[in-house]
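The values are calculated or read from the model by the stated rules, or taken from the named source; none is laboratory data. Because the structure is a prediction, the values reported are computed rather than measured. Methodologically, a virtual Cβ is constructed for each residue, glycine included, from the backbone with ideal geometry; neighbour enumeration extends over all protein chains shown. Side chains are part of the model used for accessible areas, which takes the heavy atoms of the whole protein and leaves out ligands, DNA and RNA. Shrake-Rupley method; radii C 1.70, N 1.55, O 1.52, S 1.80 Å.
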Amino acid sequence: MASFQTEVEGRGHRIFELIDRHPQPLFTKAGLYQRVMELSMRDEDFKVQMFRFVDVLPSLHRSRDIVQHLDEYFAEMRNGALLRTGVRVAKMAPWISAFVLRRNVAGMARQFIAGKNPQEVSKTLRRRYQQKIGFTVDLLGEAVVSEKEADVYAARCLELLEHLARETRDWRDPLGEGAELFPVVNLSVKISALSPQVTPRDMAQLAEKLRPILNRAKELGAFVNFDMESFSLKNLTLKLFKTVFTEPEFRDWPHAGIVIQAYLRESEKDLVDLLEWGRARGTRFGVRLVKGAYWDYETLRSARNGWPVPVFQQKPESDANFEKLSRILLENHSIVTPAFGSHNVRSIAAAQAIAHELEVPPSRFEFQLLYGMAGPIKRALVEMGYRVREYCPVGELLSGMSYLVRRLLENTSNEGFLRAKFAENVSEKELLRAPTEVLRQSRNGPPHSTVTTTMTTATATEDRQATREISLETPPGETYENAPLTNFAYPENQEKMRAALREVRERFGREYPLVINGEKVFTGKTIPSLNPSAPDQVVGNVAEAGIEEAERAVKAAREAFEKWRWTRVEERCQLLERAADIMERRRFELCALEVYEVGKPWTEADGDIREAIDFCLYYAQQMRLIGRPRLTQRVPGEESFYHHWPRGVAFVIAPWNFPLAILGGMTTAALVTGNAVIIKPAETSAVIGAMLMEILEEAGVPPGVVNYLPGKGSVMGAHLVDHKDVDLIAFTGSREVGLRIYESAGITRPGQRQLKHVICEMGGKNAVIIDADADLDEAIVDCG
């Protein structure tokens, strides 16, 4: 180990020596850009506001809007007297200020974007070729929101391939030896840009979009690399890569590659699986090893959805894994062509040292670095005789803005190597420390200054602001943590869902009875529940209740209420928690049923089941807080308490669109507060209502406390709304029906015990306001 570290240090010092011969600032443009970046690294609040302003700028078309946002983002900066002065000046001449701001941000973007079209990028790439630096081009504008945009992206890929093949016809590989592994033309593609809705079921569509690009690249002698994006697309990208390049027309083509992200905990397993696949395929393929660029997104999204975080939480863990994967790649260079994508001199030197140890010549691998960054490192590697390739984004400013912000975040991150070397002058010895040693020190003693949780400034600042807004006096038990969503990025969850769909389909056409006082009741009349995506399929036939069954249900509920109302609060809460456990156990089955009965996509169906589970657990938690008598005051000879009492019989009327969550939420709220319940699901989702009844029975609800009564709203439903023994009506549905319920419930019937209590959530179309600075692509996705 010591000899390896010595080798790494020697190579690292050599790189630093070559860097120092041609000193260059971190940012290649002088003047304003350099000063702005330096300020952002010193002032965390300024950095957040600057990136937000840069991100929103392309959406602003009027001068006054640009200056207004400048004022909103920077006028209140605590440590920015100069900035505040600049904002005041900008307000005086907004048309001039807007022009200057746009020009400067565009100039900043051009540092990281090689050109907006094939003609522009060709000039850039030719200059790089003269410096012995190759390229891989990436078309900006991933995550399309329409088929038209996806088709445009595919057409642009073909256009770029054709243009670059013509422009580079006379180019030669700078190393000569090993050139057959590294075609001059190299295109990186993102599968999210090939379809507006990328799901595991879109494999065939994605493959169809890819084949013309791959066929043309093969004819032109180009290389195509599959970029890796967020974790949710990782397994699909790997599967698509393996599927397409096992097809006969591509099986023997070696000029295809894929990315492995070292910050993912699963990356070693993914790489080993890829190598096994490659050996079985029998043809060489490429792997670009990178650290990963979506750390904040993956961490925050996982926390929000209750998922295990898929990325390492400390940067040295990713660095150590990068070196481990580098060794695996170089040990298998006979089947894989490695490309090491990093600006970290330690990581680069480690790859060189491993290659030297394994006697892998420099002609068998390459280093890839981002366009517009780390120029001194690229020159040093070229001087050392290594193949260097730049990752060159191509596209318009608007589509490239998210890419620009990612690059700015990397450049100014507290943990970024480039910042440490070029802006903070951290010592070479410190920069070349083994990441395993850094981790060991952080675990055994006070964390070293370079070891912190990997978090960008934006996230850290938002966390600080959130902390200031949270009261530290919040009593225990008054916060609630949502149940986790199902992460369909994992193949095992996809397979569980497919199995559940098969099982539920086998039950199509089954008849479901009413449940009154714990008894199964068949009426001889049924309501067919159809699959809205295939109306000829009968998901189930549900017994239809009439007036007679409604009367029986009210009588059973009234009698059961007299005992249930005195049941201990804790017993009622535990009933809901058992129901939540059953829903969790049957989660995929319930999801599959919603897919068939109400036409929900997988993720939307799972979200509905998750919400139903949350209702059970949240209402149990809240009932424990409010369910016992509380002393309000004590005076001589008197003690005053307040207590929540159940009302009686609750009639629950639910819609079809959230068939388990809304029905289950209204039912369990009435149930845990001590009421007896009659549930009427929507006719189009009555089978899911039957499943809720099954779940509550399995959880141990006593007979008569919950009664399952599907039927026609105009007949049985109207009868129960008017019934003198129904004390509470909980309705979610249309405004028209809700108003009729209010009107009817307001009439006091002969023999009625109390005024009816009505809870109505009436549907309507809410306006969505998209303002001038909205990201339209994000707005489309969020409104869908």
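Structure note, pairs K132/K291; K269/K291; K148/K291; K148/K600; K132/K429: Cα-Cα distances above 27 angstrom occur for K148/K291; K132/K429.
Would you please name the GluC sites (Glu not before Pro) within the stretch 119-216 that are DSSP coil residues with at most 13 other C-beta atoms within 10 Å of their C-beta? It would help to have the intermediate numbers written out before the result.
Working: sites: E120, E142, E147, E149, E159, E162, E167, E177, E180, E208; in loops: E142, E177.
Sparse-neighbourhood loop GluC sites (Glu not before Pro): E177.
Taking label positions 7 Å along the Cα-Cβ direction at both T436 and E778, the computed distance is 4.1 nm, reported to one decimal.
Whole-Hz Karplus values for the stretch 150-164 come out as 5, 5, 5, 4, 4, 5, 5, 4, 5, 4, 5, 4, 4, 5, 5 Hz, taken residue by residue from phi with 6.51 cos²θ - 1.76 cosθ + 1.60 and θ = phi - 60°; glycine and proline positions read x.
Computed FRET efficiency, Cβ-Cβ of R281 and A534, R0 45 Å: what is it to the nearest 0.05? Kindly include the intermediate steps, with their values, before the conclusion.
On the way: r = 38 Å, r/R0 = 0.85.
Efficiency, from the Cβ-Cβ distance: 0.75.
With one equal scatterer per alpha carbon and no solvent term, the Debye-computed log10 I(q)/I(0) for the stretch 268-313 at 0.14 1/Å reads -0.52. Modelled label positions at E548 and F522, each set 7 Å beyond Cα in the direction of Cβ, lie 1.6 nm from each other.
Legend: Rg and Dmax of the stretch 230-381, from Cα coordinates, 15.9, 47 Å. Set the Cα radius of gyration of the stretch 697-749 against 2.2 N^0.38 Å, with N its number of residues, and you get 1.31.
With R₀ set to 51 Å, the beta-carbon distance separating S714 from R126 gives a calculated FRET efficiency near 0.10. The H on the amide N of I527, modeled in the peptide plane, is under 5 Å from the matching H of V542, A543, E544, each at least 5 residues off or on a different chain. For Q752, the shell of other residues with beta-carbons less than 13 Å away shows a net charge of +3, using +1 for Lys and Arg and -1 for Asp and Glu. Within a straight-line Cα-Cα reach of under 26 Å, K555 can be paired with the following lysines, leaving aside sequence neighbours fewer than 8 residues apart in one chain: K520, K525, K563, K680, K712, K724, K756.
In terms of its C-alpha gyration tensor, the stretch 534-585 has an oblate overall shape, because the principal axis ratio a/c (a ≥ b ≥ c, square roots of the eigenvalues) is not below 1.5 and a/b does not outweigh b/c. Per-residue 3J(HN,Hα) values for the stretch 335-347, derived from phi via the Karplus relation 6.51 cos²θ - 1.76 cosθ + 1.60 with θ = phi - 60°, read 10, 10, 9, x, 10, 9, x, 7, 9, 7, 4, 4, 5 Hz in sequence order (x marks Gly and Pro).
Working note: Karplus 6.51/-1.76/1.60 with θ = phi - 60° gives the stretch 314-328 the couplings 10, 4, x, 5, 5, 5, 5, 5, 4, 5, 4, 6, 4, 5, 4 Hz, where Gly and Pro are set to x. Three principal axis extents of the stretch 515-638 based on alpha-carbon atoms, in descending order, are 73, 39, 20 Å.
If you take all other residues with their beta carbon under 14 Å from the beta carbon of T436, and give Lys and Arg +1 and Asp and Glu -1, the sum is +3. Note on R201 and D170: their simple-model spin labels are 5.4 nm apart, each label 7 Å out from Cα toward Cβ. Largest accessible area first, the listed residues S427, S347, S533 line up as S533, S427, S347 when surface is computed with a 1.4 Å probe on the assembled protein chains. Residues whose amide H falls under 5 Å from that of R510, counting only those 5 or more places apart or on a different chain, are N541, with hydrogens built in the peptide plane.
Compared with the direct C-alpha span, the chain from E495 to A767 gains 94.1 nm at full extension, assuming 0.36 nm per residue.
Scattering from the stretch 112-236 was approximated by placing one identical point on each alpha carbon and applying the Debye formula without solvent; log10 I(q)/I(0) at 0.14, 0.20, 0.22 1/Å stands at -0.64, -1.16, -1.32. Quick check on the stretch 639-749: take the gyration tensor over C-alpha atoms, sort the square-rooted eigenvalues as a ≥ b ≥ c, and tell me if it's rounded (a/c under 1.5), prolate or oblate. It comes out oblate by the Cα gyration axes. Among the trypsin sites (Lys or Arg not before Pro) in the stretch 552-612, those placed in a DSSP loop whose Cβ has at most 14 other Cβ atoms within 10 Å are R568. If R0 equals 30 Å, the separation of the Cβ atoms of K555 and E736 corresponds to a calculated FRET efficiency of about 0.50.
How far, in nm, would the chain grow between K724 and R304 when pulled straight, counting 0.36 nm per residue and subtracting the alpha carbon separation?
146.7 nm
Put simply, the amide H of H757, placed in the peptide plane, has neighbours under 5 Å in L728, I729, leaving out anything fewer than 5 places away on its chain.
Multiply the residue separation of E604 and W566 by 0.36 nm, subtract the distance between their alpha-carbon atoms, and state the gained length in nm to one decimal. Before the final figure, lay out the partial values.
Values: separation 38, 0.36 × 38 = 13.68 nm, distance 3.80 nm.
Gain on stretching E604 to W566: 9.9 nm.
K291 contributes about 40 Å² of solvent-accessible surface, heavy atoms of the protein only, 1.4 Å probe. So which trypsin sites (Lys or Arg not before Pro) in the stretch 187-244 end up in coil per DSSP with only 12 or fewer other C-beta atoms within 10 Å? Taking the stretch 187-244 and a limit of 12 other Cβ atoms within 10 Å, no loop trypsin sites (Lys or Arg not before Pro) are found.
Enter the mean projected area of the convex hull around the alpha-carbon atoms of the stretch 613-668, in nm², rounded to one decimal. All intermediate terms of the calculation are to be shown ahead of the outcome.
Details: hull surface 20.2 nm².
Projected over every direction and averaged, the Cα hull of the stretch 613-668 covers 5.1 nm².
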